[in-house]
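Notes to accompany the following structure.
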Amino acid sequence: MTQPDTPLLDRIRSPEDLRRLRPGELPALAEELRREIVARVAETGGHLAASLGAVELAVALHYVFDTPHDRIVWDVGHQTYAHKILTGRREAMRALRRRGGIAGFPRRDESPYDAFGTGHSSTSISAALGMAVAAARGGGRRRVVAVIGDGAMTAGMAFEALNHGGDLDADLLVVLNDNEMSISPNVGALSNYFARVLSSRLYTTVREGGKRVLDHLPPVRELARRAEEHMKGMVVPGTLFEELGFQYFGPFDGHDLPSLVRALRNVRDLPGPRLLHVITRKGKGYAPAEADPCTYHGVGPFDPASGRPRASGAASPTYTQVFSDWVCDMAERDPRLVAITPAMREGSGLVAFSERFPDRYHDVGIAEQHAVTFAAGLACEGLRPVVAIYSTFLQRAYDQLVHDVALQNLPVLLAIDRAGLVGPDGPTHGGAFDLSYLRCVPNLTIMAPADEAECRRMLTTGFLLDGPAAVRYPRGTGPGVPVPQDLEPLPVGRGELRREGRDVAILAFGAPLAAALEAGAALDATVANMRFVKPLDEDLVLALARGHGLLVTVEENAVAGGAGSAVAECLARHGLAVPLLQLGLPDRFVAHATRAEQLAECGLDADGIRAAVEARLGRSAEVRPIARRSAGR
Ligand code: HTL
Ligand code: MG
């Protein structure tokens, strides 16, 4: 796409410039922003649909509030592209989510306008409440706004914050950005409630008239009006929030800038907790995204004219696809299987399952804690729940895993996707820690597949165990080995020798096996595919320790507490003082880039592994690229 014509946007370097525009110019600015976002994201990929839906919100908030002195906290933060463009990052959007470029989410170190770093959902009200309380203590005049989607509002954390905020009487504005979508259509009783609010006559009248709803009715008349609506059997918008101590305003059309600006001005300086309910359309203004907001939630580079993706599909299946096939096949064979997702049907590979086994499928909303304890309850009654969850989001459900699942030794299978480095989404979504935080939990069996076939067999293994199990696999595709159709388990706690060499033994856990084999060939090292992080194949570790002068562990998890630490503990327990080199993710957050770039940066590609081993052996530490075999890899 050629650079769109953007006369208004060209004048805006910061929200100061925006605030100099006349109100009548704002709708045209929003259109320019929208075209700019489509043009940029078509090149870089990113979270398109949510950002298109929040263009007017970003314009209106920066227009009405004195940012960055006033704080805007964007929940999840995937809807902030207009905010980024308006706050001095228009050019930087060209390298959105790329190595060295700006992040796809707000980051405090990226801009003073990014009041709070987000990525995981449902944190905005808590953070904004903290800021509001701090502002009140400081005695200064600072307004604080949390912008939260209807999906993010389904999480416990959002309710915890409403519960606290409604009682504190803090000066806080919550803007509920309701598009009836999470990534897929939003679910749950709350979502049903919003839908009833929308279909109520009150909103229909407002929408048709295009008028403001923010009537400052005196309390008695207001009460009478509501009583009247009640008697007509209608849903009174906002009752739920009012009961929680929030003054409710809305619903408003979130794409009608004049009404949005007026509404924000009216509620801006009211005291106490307020909630402004705004209705938007996900993907607004770009036909392909409006038609299919789920697909355009997160996209790779695409052709803006047609909306079609630029990259052709990968030749081999992703690990997500391997899980997707497995869960359907196993459900076919075992009626006890129930699958659970916390609002990640597409990303976790449960679309086919949800269609084929609707009665055994549960999207529980963005509620990881509930997902895991719900699974525990199912398991108590003899069902075999499979929780499909990203490594990064399982962090939310840690206590539930320890206390509700593992302590009771319940047969819950965790299918942990996006374990390891995740590329352009960056550290908010990276799965760097699961091996560390899972390994110390008793009763848990932990597996890391090195290829697609192994992934399927590990899922079967975990599913058939009589206690909790986790299979953690990376984002994207594996080495491309054929996947058998059977449902055969693996022997628990057994690794395998993949290459016999001299002096050095590389113990690979999961995805890095391919790179380890390549490095092992260059070094003439022994290479083992460990498969199980817990129980560790101690016999194999001890045999390798006795036959080699150096052990090298490789994993796509933090070195601290990860699989290599399990090997170190094993050696210490047996009193073996074999030199050990632990390779894995560093003790810092790895910035967004492609996955390959991140792996290279962390020394987890074949060159990096070989260089690290040579450095330890005292050979030349200089990195010489390994000659690649061109075909068959
Ligand atoms: N679980 C948690 C704790 N955080 C995140 N971010 C996810 C899952 C994954 N996720 C998103 S965006 C999103 C989910 C579930 C849907 C949010 O819906 P909402 O916003 O209604 O709040 P909308 O997209 O504008 O409709 C990302 O990881 C980006
Ligand atoms: Mg939504």
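Quick one: in the range 1-99, what % of C-alpha pairs are over 17 Å apart?
46
So what is the relative contact order for the range 356-515, in percent, with contacts set as C-alpha pairs under 8 Å and at least six apart?
Once normalised by length, the contact order is 21 percent.
If R0 is 51 Å, what FRET efficiency do you get for A315 and N163 from their C-beta distance, rounded to 0.05?
0.55
State the Cα centre-to-centre distance between the range 101-141 and the range 476-492 in whole Å.
44
Mind ordering 381-387, 321-327 by average Cβ neighbours within 10 Å, highest first?
321-327, 381-387
Applying the Karplus parametrisation 6.51 cos²θ - 1.76 cosθ + 1.60 with θ = phi - 60° to the phi angles of the range 543-554, what ³J(HN,Hα) value in whole Hz is obtained for each residue in order, glycine and proline being reported as x?
4, 5, 5, 6, x, 9, x, 8, 9, 10, 9, 10
What Kirkwood hydrodynamic radius do you get for the range 494-562 when you take the inverse of the mean 1/r over all pairs of distinct Cα atoms, in Å?
Working: mean 1/r = 0.0850 Å⁻¹.
Computed over the range 494-562, the radius equals 11.8 Å.
Please work out the Kirkwood hydrodynamic radius for the range 358-402, using every pair of different C-alpha atoms, and report it in angstroms with one decimal place.
For the range 358-402, the Kirkwood estimate is 10.9 Å.
Would you please give the residues with an amide H less than 5 Å from that of R97, counting only those at least 5 places away or on a separate chain, with H modeled from the backbone geometry?
Amide H neighbours of R97, under 5 Å, 5+ apart: I102, A103, G104.
Can you list residues whose amide H is under 5 Å from V175's amide H, if they're 5+ apart or on another chain and H is modeled 1.01 Å from N?
Distant-sequence amide H within range of V175: A146, V147, I148, L276.
For the range 553-626, what class follows from the C-alpha gyration tensor (a ≥ b ≥ c being the square roots of its eigenvalues): rounded when a/c is under 1.5, otherwise prolate if a/b is larger than b/c, else oblate?
Verdict is oblate for the range 553-626.
For the range 44-123, divide the Cα radius of gyration by the Kirkwood radius and give the resulting Rg/Rh value with two decimals.
The Rg/Rh ratio comes out at 0.92.
Can you compute the helix-only [θ] at 222 nm over the chain? Use -39500 (n - 2.57) per DSSP H run of at least 4 residues, normalise by all residues, nearest 500 deg cm²/dmol.
-11000 deg cm²/dmol
For the range 463-620, what D do you get in µm² per second when you plug the Kirkwood radius from alpha-carbon pairs into Stokes-Einstein at 4 °C and 1.567 mPa s?
Details: Rh = 16.3 Å.
For these conditions, the coefficient is 80 µm²/s.
Whole percent per 20 Å bin, from 0 to the bin with the longest distance: what is P(r) over all C-alpha pairs of the chain?
Percent of Cα pairs in each bin: 19, 47, 29, 5, 0.
Over all directions, what mean area does the Cα convex hull of the range 323-368 project, stated in square nanometres?
Reported value for the Cα convex hull: 2.9 nm².
List the residues whose amide H sits under 5 Å from the amide H of F116, counting only those 5 or more places along or on another chain, with H placed 1.01 Å from N in the peptide plane.
Distant-sequence amide H within range of F116: W74.
Find the relative contact order for the chain and round it to a whole percent, using C-alpha pairs within less than 8 Å whose residues are 6+ positions apart.
11
Can you give the % of DSSP beta bridges in the chain that are antiparallel, to the nearest 5? Mind dumping the intermediate values first?
Numbers: 10 of 65 bridges.
Antiparallel bridges make up about 15 percent of those DSSP assigns within the chain.
Short version: ³J(HN,Hα) in whole Hz for each residue of the range 25-32, in order, from phi by Karplus 6.51 cos²θ - 1.76 cosθ + 1.60 (θ = phi - 60°), x for Gly and Pro, what are they?
Values per residue, Gly and Pro as x: 7, 5, x, 5, 4, 4, 5, 4 Hz.
Starting from a Cα-only point model with no solvent, please compute log10 I(q)/I(0) by Debye for the range 330-419 at q = 0.18, 0.22 1/Å.
-0.71, -1.06
Answer rounded, prolate or oblate for the range 229-375, using the Cα gyration tensor with square roots of eigenvalues a ≥ b ≥ c: rounded when a/c is under 1.5, else prolate when a/b is larger than b/c, else oblate.
Note, shape of the range 229-375 comes out oblate.
Can you list the HN-Hα couplings for the range 397-411, worked out from phi with the Karplus curve (6.51, -1.76, 1.60; θ = phi - 60°), rounded to whole Hz and with x for Gly and Pro?
Listing the rounded values in order: 10, 5, 5, 5, 5, 5, 7, 8, 9, 5, 4, 9, 6, 8, x Hz.
Counting DSSP beta bridges with both partners in the range 481-568, what percentage is antiparallel, nearest 5? If you can, show how the numbers build up before the last one.
Values: 3 of 13 bridges.
So the antiparallel bridges in the range 481-568 amount to around 25 percent.
Got the relative contact order for the range 445-491 handy, in percent, Cα pairs under 8 Å and 6 or more residues apart?
50
Every number in this text was worked out from the coordinates using simple rules, so none of it is lab data. Remember, it's a predicted structure, so these values are computed and weren't measured experimentally. Glycine gets a Cβ as well: all are built from the backbone with ideal geometry, and neighbour counts include every protein chain shown.
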